[in-house]
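Here's the structure, in structure tokens; my notes come after.
The values are calculated or read from the model by the stated rules, or taken from the named source; none is laboratory data. Note that the structure is predicted; figures quoted are calculated from it, not measured. Cβ coordinates were reconstructed from backbone atoms using ideal geometry, including for glycine residues, and neighbour counts include every protein chain displayed. Please note that ligands, DNA and RNA were not included when accessible areas were found on the heavy atoms of the full protein model with its side chains. Shrake-Rupley method; radii C 1.70, N 1.55, O 1.52, S 1.80 Å.
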Amino acid sequence: MRTPTAVLFDMDGTLLDSRPGIVAATNATLRSLGRPEVAEADLVSRIGPPLHDTWAELLQRPVTDVADVVADYRERYATLMLDGTRAYAGVERLLEGLAERGLLLGVATSKAQPLAVALLEHLGLDGYFAAVRGPVPPSVEEKPATVARALEALGLTTGTGAVIVGDRHHDITGGRAHGLATIGAAWGYGSRAELEAAGADAIASEPLGVAPLLDGLTGS
């Protein structure tokens with residue numbers, strides 16, 4: 001067991017509370033389709049998975065039949081995302097501390113990569129990350145593929161010696177697929193039970209709780 005040398009972060013529900021823009025863009029898209037809006041409380045639990053999966057579930061359509069809706073949603077979200085999106089309390093202090101320890105930091109998100117980069121730049125967090133990877137529209141990408149591209153961008157051939165931090169089961173299973181150690185972010189949009197069921201190696205209740213868990217964690 002050893003201290004990891006690299007840490008990947010999910011974005012929505014882990015680094016950022018992005019619910020205002022996501023909820024607004026989702027309901028605007030639903031209205032454009034003649035569908036009723038969905039209450040924020042019901043939408044929050046849908047934040048985090050790959051976007052095509054979320055819209056397929058919302059519309060009860062096959063994943064292969066929502067590409068146009070996803071594109072429309074992303075266009076709306078791009079105009080709304082900066083309003084109300086914020087970093088969770090303690091996130092910047094966590095990133096500062098990890099950077100001071102010399103850890104290599106990256107982002108592996110299900111948010112479209114251009115939007116993820118723009119949000120991090122807007123919030124002044126982009127300088128902490130050596131790589132930011134997410135789906136590049138119009139591609140459809142599951143979390144293991146995103147994690148693989150993030151590892152490659154960090155110059156890592158495997159996840160051994162790296163950790164992923166995320167709030168949904170997709171983050172945990174996506175990391176485990178590449179041998180990363182996994183930390184659940186219980187402050188996000190998923191639940192502790194979801195993270196435990198996915199096999200998270202450890203769970204933090206708030207961002208500053210991540211750093212103490214890193215020592216001793218390593219990929220399998």
Neighbours of Pro207 by Cβ distance under 10 Å: Lys/Arg at +1, Asp/Glu at -1, summed charge -1
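Please report the net charge: other residues with Cβ closer than 11 Å to the Cβ of Gly184, K and R +1, D and E -1. Display every interim value, and only then the final one.
Working: positive: Arg168, Arg192; negative: Asp10, Asp167, Asp171, Glu194, Glu196, Asp201.
Once all neighbours under 11 Å are counted, the net charge is -4.
Report, as a whole number in µm² per second, the diffusion coefficient that Stokes-Einstein gives for segment 15-71 at 10 °C and 1.306 mPa s using the Kirkwood radius over alpha carbon pairs. The partial results should precede the final answer.
Numbers: Rh = 11.6 Å.
This corresponds to a translational diffusion coefficient of 136 µm²/s.
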Just name one of Pro49, Leu98, Gln60: the one whose Cα is farthest towards the positive end of the charge dipole of segment 41-132 (beta-carbon charges, Lys/Arg +1, Asp/Glu -1).
-> Leu98
Using only protein heavy atoms and a 1.4 Å probe, report how much of Asp42 is accessible, in Å² to the nearest 10.
-> 90
Count the DSSP beta bridges whose two residues both fall in the chain, then state the antiparallel fraction as a percent rounded to the nearest 5.
-> 10
Name the residue, out of Leu16, Leu58, Leu120, whose mean-square fluctuation peaks in a Gaussian network model built on the chain with Cα pairs under 10 Å.
-> Leu58
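For the chain, just run the numbers: alpha carbon Rg, then divide by 2.2 N^0.38 Å, N being how many residues it has. Mind dumping the intermediate values first?
Details: Rg = 16.5 Å, N = 220, 2.2 N^0.38 = 17.1 Å.
Working it through for the chain, the quotient is 0.97.
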A correct Karplus calculation of ³J(HN,Hα) over segment 163-176, with 6.51 cos²θ - 1.76 cosθ + 1.60, θ = phi - 60°, whole Hz and x for Gly and Pro, returns 10, 10, 10, x, 9, 10, 5, 4, 5, 5, 5, x, x, 5
Please give the FRET efficiency for Glu75 paired with Asp215, using the beta carbon to beta carbon distance and R0 = 35 Å, rounded to the nearest 0.05.
-> 0.20
For segment 78-220, the per residue accessible area (1.4 Å probe, Å²) is 41
Please state the Cα pair-distance histogram of segment 35-106 with 10 angstrom bins from zero: what percent is in each bin?
-> 15, 35, 26, 19, 5
Pulled fully out, how much extra length does the chain show between Arg31 and Ala89, if you take 0.36 nm times their separation in residues and subtract their Cα-Cα distance?
-> 17.6 nm
With 0.36 nm assigned to each residue of separation and the Cα-Cα distance removed, Ser139 to Ala177 gains 11.6 nm
Relative contact order in percent for the chain (Cα pairs under 8 Å, 6+ apart) equals 27
Cα gyration tensor of segment 103-195 - equivalent ellipsoid semi-axes, whole Å, descending = 19, 16, 14
If each part is reduced to its alpha-carbon centroid, segment 102-168 and segment 18-33 end up apart, in Å, by 24
Magnitude of the charge dipole, the chain, Cβ model with Lys/Arg +1 and Asp/Glu -1, debye to 20 = 180
